[in-house]
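See structure below.
The values are calculated or read from the model by the stated rules, or taken from the named source; none is laboratory data. These figures come from a predicted structure and were not determined experimentally. Here the Cβ positions follow ideal geometry from the backbone for every residue, glycine too, while neighbour counts run over all protein chains shown. We work out accessible area using only protein heavy atoms, side chains counted, and drop any ligands, DNA or RNA first. Shrake-Rupley method; radii C 1.70, N 1.55, O 1.52, S 1.80 Å.
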Amino acid sequence: MYTRTGNPTRALLESTLAELEGGLRGWAWASGMAAVHAVLATLPSGSHVVLADDVYFGVRHLFETAFADQLAFTSADLSQPGALDAAWTPETQLVWAETPSNPLLRITDLAALADEVHARGATLAVDGTWATPVLQRPLERGADLVVHSLTKYIAGHSDLIGGAILAREESEHTQRIDELQKSAGAVLDPFSCWLTLRGMRTLAVRVRAQTRTAQILAERLDEHAAVARVHYPGLASHAGHPIAARQMDTFGAMLSFEVAGPDDNEMRARRVANALATFRQATSLGGTESLVEHRASVEGDGTRAPQTLLRVSVGLEHVEDLWSDLEAALAA
Ligand SMILES: *Cc1c(COP(=O)(O)O)cnc(C)c1O
(Lines give C-alpha, C1' and ligand atoms only; values in the text may rest on other atoms or scores of the structure.)
Protein backbone atom coordinates (compact mmCIF):
# COMPACT_ATOMS: atom_id res chain seq x y z
CA MET A 1 0.00 0.00 0.00
CA TYR A 2 2.79 2.40 1.00
CA THR A 3 6.39 1.24 1.42
CA ARG A 4 7.13 3.06 4.65
CA THR A 5 4.43 1.03 6.42
CA GLY A 6 5.14 -2.24 4.65
CA ASN A 7 6.94 -3.74 1.67
CA PRO A 8 7.05 -7.38 0.55
CA THR A 9 10.82 -7.40 -0.05
CA ARG A 10 11.44 -5.88 3.37
CA ALA A 11 9.03 -8.36 4.96
CA LEU A 12 10.95 -11.24 3.39
CA LEU A 13 14.27 -9.88 4.67
CA GLU A 14 12.83 -9.34 8.14
CA SER A 15 11.35 -12.83 8.41
CA THR A 16 14.53 -14.43 7.01
CA LEU A 17 16.69 -12.59 9.53
CA ALA A 18 14.33 -13.51 12.38
CA GLU A 19 14.46 -17.16 11.33
CA LEU A 20 18.28 -17.09 11.18
CA GLU A 21 18.50 -15.59 14.67
CA GLY A 22 15.83 -17.85 16.14
CA GLY A 23 13.64 -14.81 16.80
CA LEU A 24 9.94 -14.22 16.55
CA ARG A 25 10.17 -11.23 14.24
CA GLY A 26 12.41 -8.51 12.88
CA TRP A 27 12.54 -4.97 11.56
CA ALA A 28 14.92 -3.68 8.89
CA TRP A 29 16.25 -0.16 9.21
CA ALA A 30 18.06 2.32 7.00
CA SER A 31 21.30 1.74 8.93
CA GLY A 32 22.68 -0.11 11.92
CA MET A 33 22.59 3.15 13.86
CA ALA A 34 18.92 3.70 12.94
CA ALA A 35 18.27 0.26 14.47
CA VAL A 36 20.19 1.21 17.62
CA HIS A 37 18.33 4.51 17.76
CA ALA A 38 14.98 2.72 17.49
CA VAL A 39 15.76 0.45 20.44
CA LEU A 40 16.81 3.40 22.61
CA ALA A 41 13.79 5.44 21.51
CA THR A 42 11.48 2.80 23.01
CA LEU A 43 12.77 3.61 26.51
CA PRO A 44 10.76 5.97 28.71
CA SER A 45 12.45 9.34 29.16
CA GLY A 46 14.64 9.32 32.28
CA SER A 47 15.59 5.65 31.89
CA HIS A 48 19.06 4.45 32.71
CA VAL A 49 21.04 2.06 30.52
CA VAL A 50 24.05 -0.07 31.40
CA LEU A 51 26.31 0.14 28.38
CA ALA A 52 29.18 -2.25 27.62
CA ASP A 53 32.32 -0.15 28.00
CA ASP A 54 34.01 -1.52 24.87
CA VAL A 55 30.98 -0.79 22.70
CA TYR A 56 30.83 0.40 19.08
CA PHE A 57 31.88 4.06 19.19
CA GLY A 58 28.73 5.28 17.42
CA VAL A 59 26.49 3.76 20.10
CA ARG A 60 28.23 5.59 22.92
CA HIS A 61 28.16 8.74 20.79
CA LEU A 62 24.38 8.45 20.44
CA PHE A 63 24.00 8.40 24.23
CA GLU A 64 26.27 11.40 24.54
CA THR A 65 24.49 13.46 21.86
CA ALA A 66 20.98 12.64 20.59
CA PHE A 67 19.84 10.97 23.83
CA ALA A 68 21.85 13.09 26.26
CA ASP A 69 18.72 14.78 27.65
CA GLN A 70 16.52 11.67 27.72
CA LEU A 71 18.68 8.78 28.86
CA ALA A 72 21.37 8.27 31.46
CA PHE A 73 23.98 5.56 31.06
CA THR A 74 26.79 3.91 32.95
CA SER A 75 29.61 2.05 31.25
CA ALA A 76 30.53 -1.36 32.62
CA ASP A 77 32.88 -4.10 31.56
CA LEU A 78 30.21 -6.73 30.93
CA SER A 79 32.85 -9.37 30.26
CA GLN A 80 33.43 -9.38 34.03
CA PRO A 81 31.00 -11.24 36.31
CA GLY A 82 29.26 -8.92 38.78
CA ALA A 83 29.70 -5.90 36.47
CA LEU A 84 26.02 -4.99 36.86
CA ASP A 85 26.23 -4.54 40.65
CA ALA A 86 28.10 -1.24 40.60
CA ALA A 87 26.36 0.08 37.49
CA TRP A 88 22.73 -0.61 38.45
CA THR A 89 20.27 2.12 39.44
CA PRO A 90 16.53 1.98 40.24
CA GLU A 91 15.89 3.48 36.76
CA THR A 92 17.90 0.87 34.84
CA GLN A 93 15.69 -0.48 32.05
CA LEU A 94 18.13 -1.83 29.51
CA VAL A 95 21.53 -3.48 29.30
CA TRP A 96 23.36 -3.03 26.01
CA ALA A 97 26.00 -5.67 25.30
CA GLU A 98 28.29 -6.33 22.37
CA THR A 99 30.26 -9.54 22.01
CA PRO A 100 32.87 -9.86 20.60
CA SER A 101 33.33 -6.19 21.42
CA ASN A 102 34.77 -3.41 19.33
CA PRO A 103 37.77 -3.08 19.04
CA LEU A 104 39.17 -5.24 21.85
CA LEU A 105 37.17 -8.41 21.15
CA ARG A 106 36.14 -8.90 24.75
CA ILE A 107 33.70 -11.74 25.24
CA THR A 108 30.55 -11.49 27.37
CA ASP A 109 28.79 -14.60 28.66
CA LEU A 110 25.34 -13.96 27.18
CA ALA A 111 23.39 -16.69 28.99
CA ALA A 112 24.73 -15.59 32.40
CA LEU A 113 24.13 -11.92 31.61
CA ALA A 114 20.57 -12.59 30.36
CA ASP A 115 19.74 -14.42 33.62
CA GLU A 116 21.11 -11.58 35.69
CA VAL A 117 19.36 -8.84 33.69
CA HIS A 118 16.02 -10.66 33.80
CA ALA A 119 16.33 -11.31 37.53
CA ARG A 120 16.54 -7.53 37.91
CA GLY A 121 13.51 -7.01 35.66
CA ALA A 122 15.29 -5.30 32.77
CA THR A 123 15.80 -5.97 29.05
CA LEU A 124 18.95 -7.26 27.37
CA ALA A 125 19.86 -6.01 23.91
CA VAL A 126 22.92 -7.37 22.12
CA ASP A 127 24.76 -5.88 19.17
CA GLY A 128 25.50 -9.05 17.21
CA THR A 129 27.14 -7.42 14.19
CA TRP A 130 30.62 -8.91 14.61
CA ALA A 131 29.58 -12.50 15.16
CA THR A 132 26.63 -12.72 12.72
CA PRO A 133 23.86 -15.27 13.34
CA VAL A 134 26.05 -17.86 11.61
CA LEU A 135 28.39 -17.91 14.62
CA GLN A 136 26.27 -16.73 17.54
CA ARG A 137 22.56 -16.42 18.25
CA PRO A 138 22.03 -14.27 21.37
CA LEU A 139 18.23 -14.73 21.41
CA GLU A 140 18.75 -18.46 21.97
CA ARG A 141 20.85 -17.55 25.02
CA GLY A 142 18.13 -15.40 26.51
CA ALA A 143 18.73 -11.93 25.04
CA ASP A 144 15.51 -10.04 24.31
CA LEU A 145 16.68 -8.03 21.31
CA VAL A 146 19.52 -8.39 18.83
CA VAL A 147 20.71 -5.54 16.66
CA HIS A 148 22.76 -5.88 13.49
CA SER A 149 24.47 -3.52 11.14
CA LEU A 150 23.51 -5.28 7.88
CA THR A 151 26.16 -3.08 6.29
CA LYS A 152 28.80 -5.51 7.49
CA TYR A 153 28.75 -9.33 7.16
CA ILE A 154 25.06 -9.88 6.51
CA ALA A 155 24.87 -7.91 3.27
CA GLY A 156 28.56 -8.64 3.01
CA HIS A 157 29.79 -6.70 -0.01
CA SER A 158 30.43 -3.18 1.32
CA ASP A 159 27.83 -1.74 -1.04
CA LEU A 160 24.94 -0.72 1.17
CA ILE A 161 24.01 0.65 4.59
CA GLY A 162 21.37 -1.18 6.58
CA GLY A 163 20.38 -2.37 10.02
CA ALA A 164 18.02 -4.76 11.74
CA ILE A 165 16.41 -5.50 15.09
CA LEU A 166 15.35 -9.05 15.92
CA ALA A 167 13.17 -9.91 18.91
CA ARG A 168 12.75 -13.12 20.89
CA GLU A 169 9.13 -12.39 21.79
CA GLU A 170 6.49 -9.69 21.75
CA SER A 171 6.90 -7.05 24.44
CA GLU A 172 6.28 -3.39 25.14
CA HIS A 173 9.54 -2.73 23.31
CA THR A 174 8.53 -4.58 20.18
CA GLN A 175 5.18 -2.77 19.99
CA ARG A 176 6.98 0.55 20.18
CA ILE A 177 9.63 -0.57 17.69
CA ASP A 178 6.90 -1.61 15.28
CA GLU A 179 5.12 1.70 15.66
CA LEU A 180 8.36 3.65 15.33
CA GLN A 181 9.34 1.89 12.10
CA LYS A 182 6.03 2.82 10.47
CA SER A 183 5.76 6.32 11.86
CA ALA A 184 9.34 7.61 12.03
CA GLY A 185 10.09 5.78 8.79
CA ALA A 186 13.84 5.09 8.88
CA VAL A 187 13.12 1.95 6.83
CA LEU A 188 15.53 0.05 4.64
CA ASP A 189 14.63 0.62 0.99
CA PRO A 190 13.43 -2.39 -1.03
CA PHE A 191 16.50 -2.52 -3.30
CA SER A 192 18.86 -2.66 -0.32
CA CYS A 193 16.62 -5.34 1.19
CA TRP A 194 16.94 -7.33 -2.03
CA LEU A 195 20.73 -6.86 -2.13
CA THR A 196 20.93 -7.94 1.52
CA LEU A 197 18.91 -11.08 0.80
CA ARG A 198 21.22 -11.84 -2.12
CA GLY A 199 24.29 -11.32 0.06
CA MET A 200 22.82 -13.59 2.72
CA ARG A 201 22.83 -16.54 0.31
CA THR A 202 26.59 -16.75 0.81
CA LEU A 203 26.71 -15.52 4.42
CA ALA A 204 27.58 -18.88 5.94
CA VAL A 205 30.30 -19.80 3.47
CA ARG A 206 31.83 -16.31 3.56
CA VAL A 207 31.95 -16.15 7.33
CA ARG A 208 33.37 -19.66 7.70
CA ALA A 209 36.10 -19.05 5.13
CA GLN A 210 36.97 -15.66 6.64
CA THR A 211 37.05 -17.19 10.11
CA ARG A 212 39.48 -19.92 9.04
CA THR A 213 41.84 -17.29 7.65
CA ALA A 214 41.47 -15.05 10.73
CA GLN A 215 42.41 -17.90 13.05
CA ILE A 216 45.62 -18.58 11.09
CA LEU A 217 46.56 -14.89 10.92
CA ALA A 218 45.88 -14.41 14.65
CA GLU A 219 48.10 -17.36 15.54
CA ARG A 220 50.94 -16.11 13.34
CA LEU A 221 50.65 -12.50 14.56
CA ASP A 222 50.69 -13.77 18.13
CA GLU A 223 54.16 -15.22 17.52
CA HIS A 224 55.51 -12.21 15.65
CA ALA A 225 58.21 -10.21 17.45
CA ALA A 226 56.87 -6.85 16.23
CA VAL A 227 53.42 -7.52 17.70
CA ALA A 228 52.84 -6.80 21.38
CA ARG A 229 49.35 -8.29 21.74
CA VAL A 230 46.69 -9.97 19.64
CA HIS A 231 43.01 -9.70 20.53
CA TYR A 232 41.24 -12.70 19.05
CA PRO A 233 38.91 -15.03 20.98
CA GLY A 234 40.14 -18.03 18.97
CA LEU A 235 43.50 -17.85 20.75
CA ALA A 236 43.67 -20.10 23.81
CA SER A 237 45.46 -17.25 25.63
CA HIS A 238 42.49 -14.86 25.15
CA ALA A 239 40.63 -14.19 28.42
CA GLY A 240 37.26 -14.84 26.79
CA HIS A 241 38.29 -18.00 24.93
CA PRO A 242 36.40 -20.57 27.07
CA ILE A 243 33.15 -18.58 26.93
CA ALA A 244 33.55 -17.88 23.21
CA ALA A 245 34.13 -21.60 22.61
CA ARG A 246 30.80 -22.26 24.32
CA GLN A 247 28.61 -19.57 22.82
CA MET A 248 30.08 -19.15 19.32
CA ASP A 249 30.30 -21.80 16.59
CA THR A 250 33.74 -20.45 15.61
CA PHE A 251 35.54 -17.28 16.61
CA GLY A 252 34.79 -14.88 13.78
CA ALA A 253 36.82 -12.92 11.27
CA MET A 254 37.52 -9.75 13.24
CA LEU A 255 40.73 -9.32 15.17
CA SER A 256 42.90 -6.53 16.44
CA PHE A 257 46.54 -6.34 17.38
CA GLU A 258 48.86 -3.93 19.09
CA VAL A 259 52.12 -3.06 17.44
CA ALA A 260 55.11 -3.38 19.77
CA GLY A 261 56.53 -0.08 21.04
CA PRO A 262 55.74 2.60 23.62
CA ASP A 263 52.03 2.91 24.45
CA ASP A 264 51.67 6.45 23.18
CA ASN A 265 53.43 5.66 19.94
CA GLU A 266 50.67 5.81 17.36
CA MET A 267 53.08 6.53 14.50
CA ARG A 268 54.48 3.03 14.45
CA ALA A 269 50.98 1.51 14.19
CA ARG A 270 50.03 3.95 11.47
CA ARG A 271 53.22 3.17 9.54
CA VAL A 272 52.32 -0.51 9.58
CA ALA A 273 48.79 0.28 8.33
CA ASN A 274 50.19 2.54 5.60
CA ALA A 275 52.62 -0.18 4.50
CA LEU A 276 49.86 -2.74 3.96
CA ALA A 277 48.77 -3.19 0.35
CA THR A 278 46.41 -6.18 0.17
CA PHE A 279 44.62 -4.97 3.29
CA ARG A 280 42.93 -1.67 2.44
CA GLN A 281 42.61 1.11 4.98
CA ALA A 282 38.93 1.81 5.41
CA THR A 283 36.56 2.05 8.31
CA SER A 284 34.15 -0.74 7.77
CA LEU A 285 34.19 -4.51 8.16
CA GLY A 286 32.55 -7.72 7.10
CA GLY A 287 33.03 -7.36 3.33
CA THR A 288 34.90 -9.58 0.91
CA GLU A 289 38.05 -7.43 0.95
CA SER A 290 40.34 -7.37 3.98
CA LEU A 291 40.40 -4.02 5.74
CA VAL A 292 42.66 -2.50 8.35
CA GLU A 293 42.19 0.64 10.37
CA HIS A 294 43.97 2.62 13.02
CA ARG A 295 40.89 2.71 15.22
CA ALA A 296 42.00 5.57 17.48
CA SER A 297 42.34 7.93 14.49
CA VAL A 298 38.99 6.89 13.06
CA GLU A 299 37.22 7.47 16.37
CA GLY A 300 39.09 10.72 17.08
CA ASP A 301 38.51 12.69 20.28
CA GLY A 302 37.32 10.60 23.18
CA THR A 303 38.56 7.32 21.72
CA ARG A 304 39.30 4.53 24.13
CA ALA A 305 41.18 2.46 21.54
CA PRO A 306 44.91 2.05 22.29
CA GLN A 307 47.03 4.21 19.97
CA THR A 308 49.10 1.15 19.06
CA LEU A 309 46.05 -0.86 17.97
CA LEU A 310 45.15 -1.88 14.43
CA ARG A 311 41.77 -3.43 13.78
CA VAL A 312 41.50 -5.99 11.02
CA SER A 313 38.50 -7.34 9.12
CA VAL A 314 39.61 -10.49 7.33
CA GLY A 315 38.18 -10.88 3.82
CA LEU A 316 38.18 -13.66 1.27
CA GLU A 317 41.69 -13.29 -0.13
CA HIS A 318 44.13 -16.20 0.09
CA VAL A 319 45.58 -16.52 3.57
CA GLU A 320 49.18 -16.51 2.28
CA ASP A 321 48.63 -13.28 0.33
CA LEU A 322 47.34 -11.67 3.51
CA TRP A 323 50.14 -13.04 5.64
CA SER A 324 52.93 -11.91 3.31
CA ASP A 325 51.35 -8.45 3.28
CA LEU A 326 51.31 -8.35 7.10
CA GLU A 327 54.85 -9.69 7.38
CA ALA A 328 56.20 -7.11 4.94
CA ALA A 329 54.35 -4.25 6.69
CA LEU A 330 55.55 -5.28 10.13
CA ALA A 331 59.13 -5.32 8.81
CA ALA A 332 58.79 -1.89 7.20
C1 LIG B 1 29.01 -0.61 11.89
C2 LIG B 1 28.47 -0.97 13.21
C3 LIG B 1 27.34 -0.34 13.73
C4 LIG B 1 26.62 0.78 13.00
O5 LIG B 1 26.04 0.35 11.81
P6 LIG B 1 25.84 1.29 10.50
O7 LIG B 1 25.24 0.34 9.52
O8 LIG B 1 27.18 1.82 10.12
O9 LIG B 1 24.91 2.38 10.90
C10 LIG B 1 26.88 -0.75 14.98
N11 LIG B 1 27.51 -1.70 15.68
C12 LIG B 1 28.60 -2.32 15.21
C13 LIG B 1 29.26 -3.37 16.03
C14 LIG B 1 29.13 -1.98 13.97
O15 LIG B 1 30.24 -2.58 13.52
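Summary table
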quantity	calculated
Most positive-pole-ward Cα, 318, 308, 330, against dipole of the stretch 290-332 from beta carbon charges	308
For the stretch 59-133 and the stretch 289-332, distance of Cα centres in Å	27
Amide H partners (placed H, <5 Å) of residue 56, local residues excluded	102
Charge dipole of the chain about the Cα centre (unit charges at C-beta), most positive-ward option of 256, 174, 278	278
With all protein chains modelled, accessible area of residue 91 [1.4 Å, Å²]	90
Percent carbon-and-sulfur accessible area, the stretch 195-294, ignoring ligands, DNA and RNA, probe 1.4 Å	49
Solvent-accessible area per residue, Å², over the stretch 208-332 with all protein chains present [probe radius 1.4 Å]	44
